[in-house]
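Notes follow the structure.
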Amino acid sequence: MKTNREHRMKARHTRRSILRAGLVSAASATVGLRVLTTEVLGQPAEESSRRLSRGDAAILRFLAALEILETDLWQQYNELGGVQDDEVPGGGGSAAYTAALEVLDPDMPQYIHDNTEDEMTHFEFLNAYLLSKGAQPANLDEFRTLPSSQATGAQQLGRLTNLMQLTVDTSWWTRYRSRTENPDLDPKFTFPQAVPGLFDGQFPAIPRTDDDLKPPDHLQAIANTAGFHFAFIEQGGTSLYPSLAQRTSAPEVLRILLSIGPTETMHFQTWQDKAGNAPVLTDPTNGLEFPDLNSPLLAGEDFQTNLIMPEPVPFLSRKFPVCSIIRPTATRGAAMGAANALTADGLFLGQSPDFFELLHDLAADADRARSDR
Ligand SMILES: [Fe+2]
Ligand SMILES: [Fe+2]
């Protein structure tokens with residue numbers, strides 16, 4: 001009888017074989033794609049037809065996989081609380097949930113829609129670019145197995161991510177407000193949570209059924225949870241792109257990371273502004289508390305809601321003057337760090353061991369990339 005480990009090894013071997021087979025078939029299509037690449041990228045054929053280094057391909061493939069996962073979760077938010085239209089089709093909206101989100105900002109549905117569309121274009125572009133270089137794109141379709149929300153407005157189809165049992169880390173709130181601690185310089189420092197309750201339990205960020213639409217403070221707590229989760233997701237991308245950019249080899253791949261990354265930051269900036277508008281309340285069904293972040297009882301500037309510009313902080317070394325920066329941006333282990341953070345968030349609760357193994361493999365391959373610049 002095979003041990004679990006042997007099973008995993010076999011699965012990994014099989015997947016790697018499929019990946020290799022994919023690389024071969026993709027390579028045979030490269031000639032035809034050269035024309036496409038030139039047209040799409042507007043680059044001279046000699047430049048754009050150059051093969052990717054193994055490291056660049058691994059970085060782009062891992063990012064494409066994460067963008068597919070982001071698209072899946074944003075799509076679920078959009079179906080219930082965004083704008084359902086030709087650009088982001090699917091779902092019929094939940095009027096009550098949408099109204100609760102609009103308490104944070106009347107433009108929330110439009111922002112949710114646009115963030116969803118952005119993620120879709122990120123993964124579509126990254127996969128098309130990989131293919132144009134004869135490299136294997138990311139594909140997670142076999143893992144679309146998690147249940148949809150049963151609330152009115154959600155499509156009924158298999159999902160990659162679970163928004164109904166989240167444990168949201170809200171320490172990004174104080175990390176970007178701290179003037180003294182940078183996770184890259186102080187990896188052991190624990191940044192306080194903005195909403196400690198969200199990091200201590202499992203909470204829905206979308207209504208699971210129509211029963212979640214009442215009482216009002218329960219529904220508002222779900223919308224508040226979504227508000228903090230939006231920023232959690234996008235601060236992750238904000239750090240991931242600059243972290244991985246440091247290990248790209250081709251200037252064009254660097255350009256891709258430098259061009260997509262800041263859009264994640266634009267999302268994050270918007271969402272952290274909106275999260276600061278989440279009403280102070282306690283969910284009567286489970287005791288989840290959203291505190292008054294401007295209370296004089298909290299440590300002032302580390303929590304103040306309108307401090308949404310990154311506070312200057314020590315960067316690279318404390319011998320330099322403080323600097324307003326994205327944090328963290330250390331490159332070592334950045335891909336695995338991102339995969340682990342999303343896993344700890346509860347996004348993948350219910351996924352199969354094969355899913356986690358693939359995510360782990362993609363992250364490990366990206367983390368092995370070394371710049372040859
Ligand atoms: Fe993205
Ligand atoms: Fe994003």
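Each reported figure results from applying straightforward, stated rules to the coordinates on display, with no laboratory input. The shown structure was predicted, so the numbers you read here are calculated from the model rather than taken from an experiment. We place every Cβ from the backbone using ideal geometry, glycine too, and count neighbours over all the protein chains shown.
Between ALA334, ALA299, ALA57, find the one with the highest GNM mean-square fluctuation for the chain; connect C-alpha pairs within less than 10 Å.
ALA299
Give the Rg (one decimal place) followed by the Dmax (whole number) of the chain, computed from C-alpha coordinates and expressed in Å.
Using the Cα atoms of the chain, the pair Rg, Dmax is 21.2, 65 Å.
Can you give me the long-range amide H partners of CYS323? Hydrogens built in the peptide plane at 1.01 Å from N, cutoff under 5 Å, separation of 5 or more residues or another chain.
Counting only residues 5 or more places away or on other chains, the set is VAL313, PHE315.
Starting from the 7 Å offset along Cα-to-Cβ, what nm value, one decimal, do you get for the label separation of ASN277 and GLN110?
If labels sit at ASN277 and GLN110, their model points lie 1.2 nm apart.
Restrict the search to the range 235-332; then list the trypsin sites (Lys or Arg not before Pro) that DSSP places in a loop and that have at most 13 other Cβ atoms within 10 Å of their Cβ.
Numbers: sites: ARG247, ARG255, LYS274, ARG318, LYS319, ARG332; in loops: ARG247, ARG318, LYS319, ARG332.
Sites meeting the loop and neighbour criteria: ARG318, LYS319, ARG332.
Which FRET efficiency value, to the nearest 0.05, is calculated for ASP372 and PHE199 with the Förster distance at 35 angstrom and r the Cβ-Cβ distance? Kindly include the intermediate steps, with their values, before the conclusion.
On the way: r = 40 Å, r/R0 = 1.14.
Efficiency for this residue pair is about 0.30.
Mind checking the full-extension length gain between GLN304 and SER317? Use 0.36 nm per residue of separation minus the Cα-Cα distance, one decimal, nm.
In short, 2.0 nm is gained.
Pop a pseudo-label 7 angstrom from the Cα along the beta-carbon direction at both MET266 and LEU349 and give the gap in nm to one decimal.
3.4 nm
Can you give the relative contact order of the chain as a percent, counting alpha carbon pairs under 8 Å and 6+ residues apart?
Reported as a whole number, the value is 20 percent.
What residues of the range 137-166 lie in the reach of a label at THR285, counting those whose backbone N is under 15 Å from a point 7 Å from the Cα along Cα→Cβ?
149-152, 163-166
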